[in-house]
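The structure under discussion appears below in the form of structure tokens.
Just so it is clear, none of the values below were taken in a lab; they were calculated from the coordinates. Please read these numbers as outputs of a predicted model, since none were measured by experiment. Note that each Cβ is placed from the backbone with ideal geometry, even for glycine, and that neighbours are counted across all protein chains shown.
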Amino acid sequence: MRVERVEAYTLREPITVPFRWRRGLPGSGTTQEVTWLRLVTDAGIDGWAPIGRGAIALDIIERRLKPLILGKNPLLKEALWHEVWEIDRIEEFPIYILGALDVALWDITAKAANLPLYLLLGGAREEIAAYASAVTFETLDEYLRCAKQCLDLGYRAIKLHAWGDARRDAQLCRELRRFVGDDIVLMYDGSAGFDPYDALYLGRALEDAGFYWYEEPLREFSIQQYRQLCQTLDIPILAAETSDGCHYNAADFIAFGAADMIRTSTHYKGGVTGALRIAHLADSFQMRAEVHGGGLLHVHLCMAIPNTTFYEALITGLPVENDPLVTNGMVHAPSLPGIGFETLIDPHRLASQAVARL
Ligand SMILES: [Mg+2]
């Protein structure tokens, strides 16, 4: 099998419920650009991958990825994955580009095998619990209304992205625990909003409120600071979500005791190949590898990785609009061969609605 053609289509669409993180920090904006990468093979099988950017994605596909992949056997994923990282040394790709080619190659591979991707990757389960991952709201009342609506939808786990003010956030976490009772799993995501002093204060409050994990309290530049936090707190620290370097970097977080659980994803960790490397690395240390972010591709990861516990369903506003992949707080395994992106996109619509293309 050979890759005969590389196409890319950028769509620009309004975001119906814009959201934000912490105190006015950039969240969704009001429009969203997505570039769909399409690899066309001589076997009549296409591979698709979404990239959450426009012009920058087209530029890199045209200059770097297209020359790399044209005429190649798409099943040689390991070889191609390393070639992308080799080019990264010179080009310094944005982190979300590193896995784009790899995702499309796995889509082709799974279609060639006539299997849903998660079965090809191992097949760890056929359903998993989702947690409601709430964006930042203005008031305590809004958080509690959001929690109530999520519980009504069947969620048994909720994660907060709060204001980034350690004392106010600690109070919010106490109030939320009182509101939902002891049976609901609660997590907190700092989105790297704290310095080590406030991160420690808030971590102790989360321990008192019985939170399940404490995610990314600091920027992930300093392994030393994460190590200190892990040594001081009992609550599991979930880290290495946005740090560069895939499993090489995750290995240092683990080796230095700078994380209790490890983040993995396709979009920040080099596609399916990178995400799995991290998951298996963590497994060899009997650690969790929790999948960062939702969507169809991450459903496959959740079904393929035994040492993960939840699917992340983003809740972007009030009233709560549920993730369409979640039913009664659960996500189920996809059944189509490949990843199943064809359920989200129509090639004819892409061609006619694209604001830019290759
Ligand atoms: Mg996070």
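ASP283 to ALA79: FRET efficiency via 1/(1 + (r/R0)^6), r the Cβ-Cβ distance, R0 35 Å, to the nearest 0.05? Mind dumping the intermediate values first?
Working: r = 24 Å, r/R0 = 0.70.
Efficiency for this residue pair is about 0.90.
Could you compute the FRET efficiency for GLN32 and GLU138, with r as their C-beta to C-beta distance and R0 at 22 Å, rounded to 0.05? Can you show the working numbers first?
Working: r = 22 Å, r/R0 = 1.02.
About 0.45, to the nearest 0.05.
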Legend entry - Reachable lysines from LYS148, criterion Cα separation under 19 angstrom, eight or more residues apart if same chain: LYS159
Legend entry - Karplus 3J(HN,Hα) series, Hz, for the range 268-283 with 6.51 cos²θ - 1.76 cosθ + 1.60 (x for Gly, Pro): 10, 10, x, x, 5, 4, x, 4, 5, 4, 5, 4, 6, 4, 4, 4
Inset, instruction - Return one number: the angle in degrees, 0 to 90 and rounded to the nearest 10, between the long axis of the Cα atoms of helix 140-152 and the longest principal axis of the Cα atoms of the chain. - result: 60 degrees
Legend entry - On Cα atoms only, tilt of 196-208 relative to the major axis of the chain in degrees: 70 degrees
Inset, instruction - Place the peptides 242-255, 25-38 in order of packing, highest mean first, counting for every residue the other Cβ atoms within 10 Å and averaging per peptide. - result: 242-255, 25-38
Legend entry - Phi to ³J(HN,Hα) by Karplus 6.51 cos²θ - 1.76 cosθ + 1.60 over the range 327-333, Hz, x for Gly, Pro: 10, 6, x, 10, 10, 10, 5
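Evaluate the Kirkwood expression for the hydrodynamic radius of the chain, namely the inverse of the mean inverse distance over all pairs of different C-alpha atoms, and round to one decimal in Å.
Details: mean 1/r = 0.0476 Å⁻¹.
Taking the inverse mean of 1/r over all distinct Cα pairs, the chain comes out at 21.0 Å.
Give me the dipole magnitude in Debye, nearest 20, for the chain about the Cα centre, with unit charges on the beta carbon: positive for Lys and Arg, negative for Asp and Glu.
On the way: 34 positive and 47 negative charges, 69 e Å.
It comes to approximately 340 debye.
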Inset, instruction - Mind pulling the per residue volume of the convex hull built on the Cα atoms of the range 177-252? Å³ is fine. - result: 95 Å³
Inset, instruction - Could you tell me how many degrees, from 0 to 90 and to the nearest 10, lie between the Cα long axis of helix 100-112 and the main elongation axis, the longest principal axis, of the Cα atoms of the chain? - result: 70 degrees
Legend entry - Projected label distance in nm at LYS148 and ARG168, using a 7 Å step from Cα toward the beta-carbon: 2.2 nm
Inset, instruction - Sort out for me the Cα centre separation of the range 62-113 from the range 125-201, rounded to whole Å. - result: 37 Å
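When only C-alpha pairs under 8 Å and at least 6 residues apart count, what is the relative contact order of the chain, in percent?
Reported as a whole number, the value is 22 percent.
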Inset, instruction - Would you mind checking which residues have amide H under 5 Å from ILE315's amide H? H placed 1.01 Å from N; only 5 or more apart, or other chain. - result: SER133, ALA134, VAL135
Inset, instruction - Scan around ILE45 for amide H atoms under 5 Å from its own, H built in the peptide plane at 1.01 Å from N, and keep only partners 5 or more places away or cross-chain. - result: none
Inset, instruction - Would you work out which of HIS267, ILE254, GLN171 lies farthest towards the positive end of the dipole of the chain, given +1 charges on the beta-carbon of Lys and Arg and -1 on that of Asp and Glu, about the Cα centre? - result: HIS267
Inset, instruction - Enumerate the calculated ³J(HN,Hα) couplings along the range 344-358 in order (Karplus 6.51 cos²θ - 1.76 cosθ + 1.60, θ = phi - 60°), each rounded to whole Hz, writing x wherever the residue is Gly or Pro. - result: 9, 10, 10, x, 5, 5, 4, 5, 7, 9, 5, 8, 7, 7, 10
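Can you give the % of DSSP beta bridges in the chain that are antiparallel, to the nearest 5?
Values: 25 of 49 bridges.
Expressed as a percentage, antiparallel bridges in the chain total about 50.
If I stretch the segment between THR343 and GLN224 completely, what's the gain in nm (0.36 nm per residue apart, minus their alpha carbon distance), one decimal?
Extra length available between THR343 and GLN224 comes to 38.4 nm.
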Legend entry - FRET efficiency for MET330 and LEU115, using Cβ-Cβ distance with R0 set to 30 Å, rounded to 0.05: 0.85
Legend entry - With 10 Å bins from 0: P(r) over the range 79-210, alpha-carbon pairs, percent: 10, 28, 20, 25, 16, 1
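Based on the mean of other Cβ atoms within 10 Å per residue, sort peptides 327-339, 283-295, 344-356 so the most packed one is first. Numbers along the way, then the final one.
On the way: 327-339: 17.6, 283-295: 19.2, 344-356: 13.0.
Result, highest mean first: 283-295, 327-339, 344-356.
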Legend entry - Candidate lysines for bridging to LYS111, where Cα separation is under 27 Å - those fewer than 8 sequence places away on the same chain excluded: LYS66, LYS72, LYS77, LYS269
Legend entry - Spin-label model distance (nm) - ARG2 vs TYR197, 7 Å beyond Cα toward Cβ: 6.4 nm
